[in-house]
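Undergrad: Next up is a structure, given as structure tokens.
The values are calculated or read from the model by the stated rules, or taken from the named source; none is laboratory data. Note that the coordinates shown come from a computational prediction; the quantities given were computed from them, not determined experimentally. Neighbour counts run over all protein chains shown; Cβ positions are idealised from the backbone, glycine included.
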Amino acid sequence: MTANIRKVVQLLALGFFVVLFLLARYPYTERTEADIFLRFSPLIPLFDFIQHFRFSTLFWPALVILALTPFLGRFFCGWLCPLGTAIDAAGKVVKSPSNRFSGKWEKLRWLKFGILLGCILLALFSVNVWGYLDPLSIFNRALTVVFYPLGTLFVDQALLAAGRIPFLEDPAMFVYDTFKSLVMPETQAHHQGLLWIALFIGGILGLERLSRRFWCRNLCPAGAWLGFLSQFRMFERIVGEACPICNKCQTECKMDAIPGGDVKHTSKVECIDCFNCGKVCPPKVKAITYRWRWSPYHTPVDMTRRQVLQTSAGSLAALGLLQIGLPSKDSQTRQIRPPGALPEEQFADRCIRCLECVRICKSNGGCLQPDQIRSSLLELWLPVAAMREGYCEYNCNLCGIVCPTEAILPMTLQEKQHLPIGLAHFDKDLCIPFAQNSDCIVCEEHCPTPDKAIKFEIKEVLLPNGVKRKVKYPYVIRDLCIGCGICETKCPLPGQAGIFVTTENQKRAGATAPEPAANPYGG
Amino acid sequence: MNRRDFLATTGAGVLGASLLSPPWDRLLAQTQMPHAVWVENGEPAQLLAAALKEMGGISHFISRGDVVVVKPNMGWDRAPQYAANTNPELVAAVVTACLGAGAKTVKVFDRTCNNPLRCYTNSQIEEKAKIAGADVSQVRESRFVNKAINGELIKEWPIYKDYLEADKVINLPIAKHHSLSGVTLGMKNLMGVMGGNRGDIHNNFAQKLVDIDRTILPTLTIIDAYRILTANGPVGGNLAHVKQTRTLIMSPCLVTADYVALELFGLGADDAGFVGEAIKRGLNTYDVKKLNLRRVRLA
């Protein structure tokens, strides 16, 4: 019974997550708070505390979860986590083995505590690794880059194909229009870095081949953090005297939380309140009940001192490795962050790589993409503006509004329209007027600032064939350009654009631009 | 039949015919229909009504059962007062007029420059045209079909299927400044039904635009000059560049409409290269030197 309620709640939570995801698009009102489920992540307040020594009310949903966990245990994992639900579904598809076959992986359990400890140690040095592993962030990232685009591609194509069958045309087009208005008003999404994000989520779901909830048992740092808090949980599983020790609950436990030789006990650190044990207990026996106890027993966290030392040493090494890479000026110059992004180091520390901004940008100018590793590992999956493919819409400020951790600060439209995120430069070897002595100025046409940042001068040129022609030669006015990149997007050249945006002149939120270095030669 | 009978029958016939009220006014209007109408000093719907009256009524252009495409400029994510998109009240009035003339459906769409969802919403055209009864839909990439152009520079170009299949087309641009072509009017507004990389058209612009426009001429061109954008076009964004001219220009000839509208900006056909090119290549129905232009100033 309780297990069935749990399944319904799981599906509702997953549905809620997906609906919020779909709502994160233009048109958007701030009251929607599409990022609220992301702020349920139990890891966010922990790392926010490490970073700022505070408990921010911004993360109240997570604080509620954390407050309940010492009493209820890891109910978040079993009931609410959308990644957990997706993993359960994957387990059904790939036929996850029971604990009789997967018990051998029990030795990996400590690993999630190791990962959590490593994340904490790195966070002390302002290095954000935990965001990559946050379950809600992982799920949102997979939705944005993999599941949603894949789903829309199939549905779109299938409905259009059905619409071409004469007698199906009307119903198919009706469904198509509904789908286009409710689910996919924007055009088909395409994202860079798809391979790694697909492998990441595919790996997590595929691990179900080895054991049920493999990720949650052995790897998830949020699970470790919640497990750590539920060592003394008061809501306990009680096994009555009638128990014939059939071991059914032990083999069927999603988390392998019931020790092999001792079915009357439960690992409080591992149990996720799925209530499968009560469900599988034979009907004639029904020896399992759940009750509150005011003097709960304690389950220690699964980590030896040696493992703590190993993890610490490993984290230190990782920290060092992250420092000794060559920071390449060349790649940094194309790393244009969303308007309102904190200064780069703080930004990378605060961003959980959930890609909610990338998602909402798709229904606007569509410039944001998950970043690649260019010169540092930590650049991976930060939002980056790929302006040949999309631009920053002049009248849009939604990325900052949906950012769950305020790595991108919310700004008013007016503030955003005056904050440059970069600067456009002409590549005169490519740009049509310069390279071909022929009119174009599509960039100037699209430039959205009230006083155009791209202007042009008309000059007469003598062509090789002796003909004189007047041509409009565009140029950029540095003080007017906000780096929105529509010029680069719309440049009609087939490949590389004749105009491109760099981070030069960018101003980050909450920081004034650094003063230009003094000229040592006094000029 | 003797003479008396003949006279009596003819007399009765003429009397009967005049009692059945043949469309004298329409027949008359047809003979005297101006080449273009310039109406000023009114609200968008009033301007439209006055211009249509001069042209002999909307039913002169739209027949019962027609599928009509109304092609406004809604290319930019701007509110109406910035004069970057066609006036939404005017679009609604045109839709209402077409439906009133018995049009089966009136389709409104534009291939936008900014994000299409934002343009449709913030131009307020989607909302107002829908209320007026139009079928407003987003442009789908899959609905562009390659059309043979066989022009001087362009051999073929993708054109929107709904546009090609329509019985009648009303081209409904706004008059704006444009750096490349001087101004953007009716001829350039048709770029909104062109697919592919439209940036390519910008080089040898006049020649290429005339190449394509030649094959997709509209039934009627109505130029919205209620507000015009005088600088920083075609995007605008600065209210100081918007001039309220409260004018509307209408002509069944695309080139004539554009030619007449140049006056708004104090320009001649040579200042806007594409108008000059179109005239040079004979795209105009009427001789622009001998235009029958009707000017109406509303009270």
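Undergrad: Would you check if there is a residue in region A:182-196 being surrounded by 18 or more Cβ atoms within 10 Å (Cβ to Cβ) and in a helix (DSSP H, G or I)?
TA: Scanning region A:182-196, I find no residue that is surrounded by 18 or more Cβ atoms within 10 Å (Cβ to Cβ) and in a helix (DSSP H, G or I), so the answer is no.
Undergrad: Oh, and also: In region A:270-282, how many residues are of a type in the set (A, V, I, L, M) and modelled with pLDDT under 95?
TA: 1
Undergrad: Just give me the residues in region A:489-511 being among the aliphatic types (A, V, I, L, M), away from every other protein chain (no Cβ under 14 Å) and within 15 Å of A:LEU430 (Cα to Cα), in sequence order.
TA: The one that is among the aliphatic types (A, V, I, L, M), away from every other protein chain (no Cβ under 14 Å) and within 15 Å of A:LEU430 (Cα to Cα): A:VAL501.
Undergrad: Follow-up question, since we're still on this one. State whether one or more residues within region B:111-121 are under 19 Å from A:PRO27 (Cα atoms), within 14 Å of another protein chain (Cβ to nearest Cβ), among the polar types (S, T, N, Q) and not in a loop (DSSP other than H, G, I, E, B).
TA: So far as region B:111-121 goes, yes, one or more of its residues are under 19 Å from A:PRO27 (Cα atoms), within 14 Å of another protein chain (Cβ to nearest Cβ), among the polar types (S, T, N, Q) and not in a loop (DSSP other than H, G, I, E, B).
Undergrad: I'm trying to understand the selection: among the residues of region A:220-245, which are part of a loop (DSSP other than H, G, I, E, B) and surrounded by fewer than 22 Cβ atoms within 10 Å (Cβ to Cβ)?
TA: A:GLN231, A:PHE232, A:MET234, A:GLY240, A:GLU241, A:ALA242, A:CYS243, A:PRO244, A:ILE245
Undergrad: Of the numbered conditions (1) touching a His at 6+ places or on another chain (Cβ under 9 Å); (2) within 14 Å of chain B (Cβ to nearest Cβ); (3) of a type outside the set (A, V, I, L, M), A:PHE232 fails exactly one; give the number of that condition.
TA: (2)
Undergrad: Identify the residue in region A:474-484 that is more than 13 Å from chain B (Cβ to nearest Cβ) and within 14 Å of A:PRO339 (Cα to Cα) and, among all such residues, is surrounded by the fewest Cβ atoms within 10 Å (Cβ to Cβ).
TA: That would be A:CYS481.
Undergrad: While we're here: Looking for whichever is away from every other protein chain (no Cβ under 14 Å) and at pLDDT below 90 here; the options are A:ASP170, A:ASP177. Which one fits?
TA: Among A:ASP170, A:ASP177, only A:ASP170 is away from every other protein chain (no Cβ under 14 Å) and at pLDDT below 90.
Undergrad: Can you tell me which residue in region A:280-300 is nearest to A:PHE235 (Cα to Cα), limited to those that are touching a residue at least 40 places away in the same chain (Cβ under 8 Å), hydrophobic (A, V, I, L, M, F, W, C) and surrounded by 15 or more Cβ atoms within 10 Å (Cβ to Cβ)?
TA: Filtering region A:280-300 for residues that are touching a residue at least 40 places away in the same chain (Cβ under 8 Å), hydrophobic (A, V, I, L, M, F, W, C) and surrounded by 15 or more Cβ atoms within 10 Å (Cβ to Cβ), the one nearest to A:PHE235 (Cα to Cα) comes out as A:ILE288.
Undergrad: Report, by residue number, each residue of region B:145-161 that is of a type outside the set (Ser, Thr, Tyr), within 21 Å of the chain's Cα centre (by Cα) and crowded, with 21+ Cβ neighbours inside 10 Å.
TA: Residue satisfying the conditions is B:ILE159 alone.
Undergrad: How many residues are more than 7 Å from chain B (Cβ to nearest Cβ) and over 12 Å from A:LEU493 (Cα atoms) if we restrict to region A:437-446?
TA: 1
Undergrad: In region A:402-436, which residue that is more than 29 Å from the chain's Cα centre (by Cα) and within 11 Å of another protein chain (Cβ to nearest Cβ) is surrounded by the fewest Cβ atoms within 10 Å (Cβ to Cβ)?
TA: The selected residue is A:GLN436.
Undergrad: Only one of (1) among the hydrophobic types (A, V, I, L, M, F, W, C); (2) free of Cβ contacts under 8 Å to residues at least 60 places away in the same chain; (3) in contact with a strand residue (DSSP E or B) (Cβ under 7 Å, 6 or more places away or on another chain) fails for A:VAL442. Which number is that?
TA: (3)
Undergrad: Looking at the structure I just gave you, is B:ALA129 buried (at least 23 other Cβ atoms within 10 Å of the Cβ), touching a helix residue (DSSP H, G or I) at 6+ places or on another chain (Cβ under 8 Å), of a type in the set (A, V, I, L, M) and not in a strand (DSSP E or B)?
TA: yes
Undergrad: Only one of B:VAL67, B:VAL95 is within 28 Å of B:THR230 (Cα to Cα) and in contact (Cβ under 8 Å) with a residue 24 or more places away in the chain. Can you tell me which?
TA: B:VAL95
Undergrad: Sticking with this structure for a sec: Check A:GLY365, A:GLY390, A:GLY340, A:GLY325 and return the single one that is surrounded by 20 or more Cβ atoms within 10 Å (Cβ to Cβ), more than 30 Å from A:PHE232 (Cβ to Cβ) and in contact with a Ser or Thr (Cβ under 7 Å, 6 or more places away or on another chain).
TA: A:GLY390
Undergrad: Of all residues in region A:445-473, which are surrounded by 13 or more Cβ atoms within 10 Å (Cβ to Cβ), in a loop (DSSP other than H, G, I, E, B) and either without any contact (Cβ under 8 Å) to a residue 40 or more places away in the chain or in contact with a Pro (Cβ under 8 Å, 6 or more places away or on another chain) (or both)?
TA: Matches in region A:445-473: A:PRO450, A:ASP451, A:LYS452, A:ALA453.
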